[in-house]
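Data first, discussion second: the structure below is written as structure tokens.
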Amino acid sequence: MSGSSFGTLFQVTTWGESHGPGVGVVIDGCPAGISLTEKDIQTFLDRRKPGQSKYTTKRNESDTVEILSGVFEGRTTGTPISLMVRNQDQRSRDYGDIAVSYRPGHADFCFREKYGFRDYRGGGRSSGRETIGRVAAGAVASLLLKELGISVCAYTKSIGPYTIDEKDYDFNTINQNPLYMPNQTIAEKAGQYLSDLMADCDSSGGMIECIASGLPVGLGEPVFNKLDALLSHAIMSIGAVKGVEIGDGFAVSHSVGSTNNDPFCIRDGKTVKKTNHSGGTLGGMSDGSDLILRAAVKPTPSIAATQHTVNEAGEEIDISIHGRHDPVIVPRAVVVVEAMTALTLADLLLCNTVSTIDKIKKVYEED
């Protein structure tokens, strides 16, 4: 199986299965000298670990990270950083009934057809637990961005029919409700909506929004490696994400040029945009304004309601999925979107250091 690595200079490779001994990531290309401890990474992992509220799976995992290499005396050494989280609460017996059945909305059928067999215990590599490695690596990437004055913040914009308008954002409330929504009132309504769905053995989708601030102009390349394209690749690689938009996104299809264009002006001696319909990118490169992207997340496919499917013997059957599953993926995926955004930006920042001969000369200039 190929395709477990992401990035060019700041490259990450995730490994492990949902019900194996553990999961983790190897980060290759992280600059030396960045302050890094397990606590820095754990803060990120705690945002995606299970059991945080009634809206998440009851799988009892501490998701405690171990730094196996690449750090000495609290700083990165420039060598590969290996991070591991051991699985502690696997209940593979919960998946016995679907060992030879294809769960609707999952990778079971495609996995079996492609490889000839599959790890049915929680989905193996196609499990959402694979994102632990992404989040751990994203924590390291965020520290690199912080050194350069860049911040990345993701949150839940909508769950089901409950959407927060930009004018009603209160970022202070994001970590004060289990849904990571920047509006307490909407979060409570969305919570009741989820409770009703849970009673009906059903699940919900939603939207995650992510903002990156402090970016320099020029990240990304004008052709195939556009900032927009690489971000879309990163976010769409998250299993539950079915759509990505940047800036006004799909709304541009019913806009007009005179309103969609962002006029330039001079502010404090710098060229800036008056508006940000483009979401922080122009011509595939960052334009210095806030980068704004959104990810559409599908409803959790593992639901207890009876569903029609087919088994490996080619028989049509009805199944009800047992086990411990999130009624909504969105809250735990917030930090995953944030991590993948940080990884993309960290990689592009390193690539950008060799975009001109002047930048290269600065690295090797003598004092």
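The values are calculated or read from the model by the stated rules, or taken from the named source; none is laboratory data. These numbers come from a predicted model, not from an experiment. Positions of Cβ are backbone-derived with ideal geometry, glycine not excepted, and every protein chain shown enters the neighbour counts. Surface areas here come from the heavy atoms of the whole protein model, side chains and all, with no ligands, DNA or RNA. Shrake-Rupley method; radii C 1.70, N 1.55, O 1.52, S 1.80 Å.
At a glance:
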quantity	calculated
Any hit, segment 227-235, residues being of a type in the set (Asp, Glu) and surrounded by 10 or more Cβ atoms within 10 Å (Cβ to Cβ)	yes
Selected residue (criterion: most open to solvent (accessible area, probe 1.4 Å)) from residues of segment 182-201 that are part of a loop (DSSP other than H, G, I, E, B) and in contact with a helix residue (DSSP H, G or I) (Cβ under 9 Å, 6 or more places away or on another chain)	183
Output for segment 155-166, where each listed residue is assigned to a strand (DSSP E or B) and crowded, with 20+ Cβ neighbours inside 10 Å	155, 156, 157, 158, 159, 162
Of residues in segment 143-154 being crowded, with 19+ Cβ neighbours inside 10 Å and within 16 Å of the chain's Cα centre (by Cα), the one nearest to residue 280 (Cα to Cα)	152
Pairs where the first residue, in segment 322-337, is over 16 Å from residue 211 (Cα atoms) and open to solvent by 10 Å² or more (accessible area, probe 1.4 Å) and the second is at pLDDT 95 or above and not in a helix (DSSP H, G or I), C-beta under 6 Å, 6+ apart	329/297
Filter result (over 18 Å from residue 132 (Cα atoms) and modelled with pLDDT of 90 or more) within segment 316-344	316, 317, 318
Check on residue 302, open to solvent by 40 Å² or more (accessible area, probe 1.4 Å), out of contact with any helix residue (DSSP H, G or I) (no Cβ under 6 Å at 6 or more places or on another chain) and among the hydroxyl-bearing types (Ser, Thr, Tyr)	no
Condition check for residue 309: part of a strand (DSSP E or B) and open to solvent by less than 40 Å² (accessible area, probe 1.4 Å)	yes
Top-ranked residue of segment 108-142 - restricted to ones that are open to solvent by 40 Å² or more (accessible area, probe 1.4 Å) and hydrophobic (A, V, I, L, M, F, W, C), ranked as nearest to residue 11 (Cα to Cα)	111
Residues (under 16 Å from residue 333 (Cα atoms), of a type in the set (Gly, Ala, Ser) and more than 12 Å from the chain's Cα centre (by Cα)) located in segment 231-256	243
Selection from segment 214-249 of residues that are over 17 Å from residue 284 (Cα atoms) and of a type outside the set (Lys, Arg)	214, 236, 237, 238, 239, 240, 241, 243
Condition broken by residue 344, with the remaining ones in (1) open to solvent by 30 Å² or more (accessible area, probe 1.4 Å); (2) under 22 Å from residue 27 (Cβ atoms) satisfied	(1)
Failed item in (1) without any contact (Cβ under 8 Å) to a residue 12 or more places away in the chain; (2) of a type outside the set (Lys, Arg); (3) more than 21 Å from residue 280 (Cα to Cα), with residue 136 passing the rest	(1)
